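Written out below as C-alpha cells is the structure these notes cover.
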Amino acid sequence: MSTQLEKARNKQLTEEMEIVARSEKVNVKELMRNIAKGYAVIPASDLHKSLKPIGIGKGLRIKINANIGTSVAKADVAYELEKLRVSIEAGADTVMDLSTGGDIDLVRREIIKHSTIPVGTVPIYQAVCDRNEIVGLTANDFLNGIRKHIEDGVDFITIHSGVTKAAIPLVRKRTMGAVSRGGAFLIKWMEHNQRENPLYDNFDKILKMAYKHDVTLSLGDGLRPGCIKDATDKAQLHELRVLGELADAAYKENVQVMIEGPGHIPINEIKKNIDLQKKICKGRPFYVLGPIVTDVAPGYDHITSAIGGALAAFYGADYLCYVTPKEHLGLPEIDDVREGVIAAKIAAHAADVALGRGREWDDSMADARANLDWEQMMKLAINPSKARQMRKECSPKDVNACSMCDRFCSVKLMKEMREKRCE
Ligand code: SF4
C-alpha cells in the first residue's frame, strides 16, 4: 500500500486522480503535481469501498463539509443516516461523524457503509466515550481510538496534535479558553497529568497508522478562537506554528495532510489568517470552520459563517466546514443540516465564481430569468424544492411574472422589447 501523495511524488497517476481531474475539468498532471507538493489531497481510504473520490486544495473547486453525529441527548442511527442522505442531496462534499452518544461504533460503521462521499471523524471522542473519562486515559487509549476509526474505513481524521503544554498559559489569558471539544479534553488531560499531549508525543505512531490505509490527517485547531475577542491571538498562532511542523513531518512520511482553522474571526482579520496559514503550512489545504464573523447571531450562524466562508475561500481557504442555525444552541436536526449545507455551498460557490470557476451556472440562471423561464429557474436553483414552494405560494395575477411587481414586471418589459427588436 502506498498513498496518493507517495504515488504523486513518484509521478504515478492513480484512478482517484483521474476521477478527480475529470469531475473538476482540470489537467490530471497538474493535479498530480499539486498533490506531490502537498498543495492538494484526495482523502480516500482503501477500506471505504462505496467512495467516489474528491480532491481538496489548490486549483480545485472549494469543498464543503457537513458535521453529523449523535450526542448524549439524541442517539439514533437511522436519524444520522437520514442526515447523511440530506447532506449528500444538498451538496456536501464530505461528512464528519462527530458522534458522542449511543453506540458510536455502530453509527460510524453505518455512515461509512452508506456514504459515497469521504467520511471524517475525530477519534479522540472514541477514547473519551469508550472509557467515559478524560484525565485517566493513557496514550494507548488515544491511539486505540485512532486505530479503530482507521480500520473501520474513515477517509480522514481530525487529530489535535498541535495543542501542546506550552500553549496552556496562553489559553488562560483568553475569554473563552478552548472551545474545541478535542482541544478542551487535551488541556484538561495535560493539566491533570502534567505531561505533554499524547497525540503530539506519539505523532510518529499516528503517521504509521494513517499511512497504512492512506487516511488523510486533518490537523485540528484545538485552540480555535470561540469568540472574536480571542481571534488571531497568541494561543491560536502558537498552535498554527506547531501544525506547520507536524504537517512537514507527515509529508516526509508520505501521509496526506490538511490544516484546520478558525473559528470566530472578524472580517478584517480573515485575509491575515489565510495568508499566515498558507505561509506557515507551506500551501497545504486549509479547512476552516466558518469563520463566524460576529458572535451575536445565535439561530443565524449558518449566515455568519457563510459570510466568513465566502471571504476565506476567496482569500485562499480550500474547504469550508458548514455551520448550522443550531450552532451554539443544540444538536442540529435534519432541517438544520440542510440549511447549513446550502449556506456553505452558497459561500463556496460565490468564492468559486470570484476565482473564475463554475460561472456557467450563474450565466444559465441569468438566461432563464431574462426569458422568464420559470421551470428552468427552478431546476437551476441551489435548493429547487424551496424555490418551487415559494413560487407556488406567490400566485401572481400575471403568471409570467411573480407577485413582487406582477403586471409591472421589469423583466417582462425587457423581454417584450427584446422580442420586438428581433421581429
Ligand atoms: S415581477 Fe418583479 S421580482 Fe418578479 S420576476 Fe418580474 S421583475 Fe423580478
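The values are calculated or read from the model by the stated rules, or taken from the named source; none is laboratory data. Since the structure is predicted, the reported quantities are computational estimates derived from the model, not experimental observations. Counting neighbours? That spans all protein chains shown, and the Cβs are built from the backbone with ideal geometry, glycine included. Accessible surface is based on the protein model in full, side chains and every heavy atom, while ligands, DNA and RNA are left aside. Shrake-Rupley method; radii C 1.70, N 1.55, O 1.52, S 1.80 Å.
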Project the alpha carbons of the chain onto their principal axes and report the range along each, largest first, in whole Å.
81, 48, 42
Calculate for the chain the 222 nm mean residue ellipticity that helices alone would give, adding -39,500 (n - 2.57) per DSSP H run of length 4 or more and normalising by residue count, nearest 500 deg cm²/dmol.
-15500 deg cm²/dmol
By a straight-distance test (C-alpha under 12 Å), which aspartates and glutamates pair with K52 as possible cross-link partners, with residues fewer than eight away in the same chain excluded?
E15, E16, E18, D93, D155
How many angstrom lie between the C-alpha centres of region 124-187 and region 54-90?
21 Å
Please determine, in degrees from 0 to 90 and to the nearest 10, the orientation of helix 181-193 with respect to the longest principal axis defined by the Cα atoms of the chain, where the helix direction is its Cα long axis.
10 degrees
What is the dipole size for region 7-120, taken about its Cα centre, with +1 at each Lys and Arg Cβ and -1 at each Asp and Glu Cβ, in debye to the nearest 20?
720 debye
Give me the accessible area of T116, 1.4 Å probe, in Å² rounded to the nearest 10.
50 Å²
May I ask you to give the percent of accessible area on region 4-354 that is carbon plus sulfur, with a probe radius of 1.4 Å?
53 percent
Solvent-accessible area per residue for the chain at a 1.4 Å probe radius, Å²?
45 Å²
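Quote the charge dipole size of the chain about the Cα centre in Debye, to the nearest 20; the model charges only the Cβ of Lys and Arg (+1) and of Asp and Glu (-1). Before the final figure, lay out each step's value.
Working: 61 positive and 58 negative charges, 203 e Å.
Charge dipole, the chain, about its Cα centre: 980 debye, nearest 20.
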Net charge around V77, counting only other residues with Cβ within less than 15 Å of its Cβ (Lys, Arg = +1; Asp, Glu = -1)?
-2
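How charged is the neighbourhood of I64? Take every other residue with its Cβ under 9 Å from the Cβ of I64, and add Lys/Arg as +1 and Asp/Glu as -1. Walk me through the numbers before you get to the answer.
Details: positive: K63, K345; negative: D93.
In short, +1.
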Work through the residues other than D46 whose Cβ is under 11 Å from its Cβ and net out their charges, Lys, Arg +1 and Asp, Glu -1.
-1
Take the Cα coordinates of region 212-287, assign each an equal point scatterer, and use the Debye formula without solvent to give log10 I(q)/I(0) at q = 0.20, 0.22 Å⁻¹.
-0.79, -0.93
Square roots of five times the Cα gyration tensor eigenvalues for region 194-343, Å:
27, 17, 15
Kindly work out what percent of the DSSP beta bridges joining two residues of the chain are antiparallel, to the nearest 5.
5 percent
Would you be so kind as to identify which of Y322, A21, S99 lies farthest towards the positive end of the dipole of the chain, taking Lys and Arg as +1 and Asp and Glu as -1 on Cβ and the Cα centre as origin?
A21
Highest-first arrangement of 94-105, 337-348, where packing means the average Cβ count within 10 Å
337-348, 94-105
For region 104-114, in order, what is each residue's ³J(HN,Hα) by Karplus, 6.51 cos²θ - 1.76 cosθ + 1.60 with θ = phi - 60°, in whole Hz (x at glycine and Pro)?
5, 5, 5, 4, 4, 5, 5, 5, 4, 4, 9
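Take the Cα gyration tensor of region 359-422, multiply each eigenvalue by 5, square-root it, and list the three semi-axes largest first, rounded to whole angstrom.
Working: eigenvalues 81, 60, 10 Å².
Semi-axes (√(5λ), whole Å): 20, 17, 7.
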Heavy-atom accessible area ranking, 1.4 Å probe, most first, across S180, S395
S395, S180
Region 295-325 versus region 368-399: alpha-carbon centroid distance in Å
27 Å
Helix 384-394 vs. the chain, principal-axis angle (Cα, 0 to 90°, nearest 10)
40 degrees
If one takes the longest principal axis of the Cα atoms in the chain, at what angle in degrees, from 0 to 90 and to the nearest 10, does the Cα axis of helix 234-252 lie?
80 degrees
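Would you mind checking K205/K272; K379/K415; K173/K205; K25/K282; K58/K188 for any pair whose Cα atoms are more than 29 angstrom apart? Walk me through the numbers on the way to the answer.
Values: K205/K272 33 Å; K379/K415 21 Å; K173/K205 32 Å; K25/K282 25 Å; K58/K188 36 Å.
Too far apart for the 29 Å limit: K205/K272; K173/K205; K58/K188.
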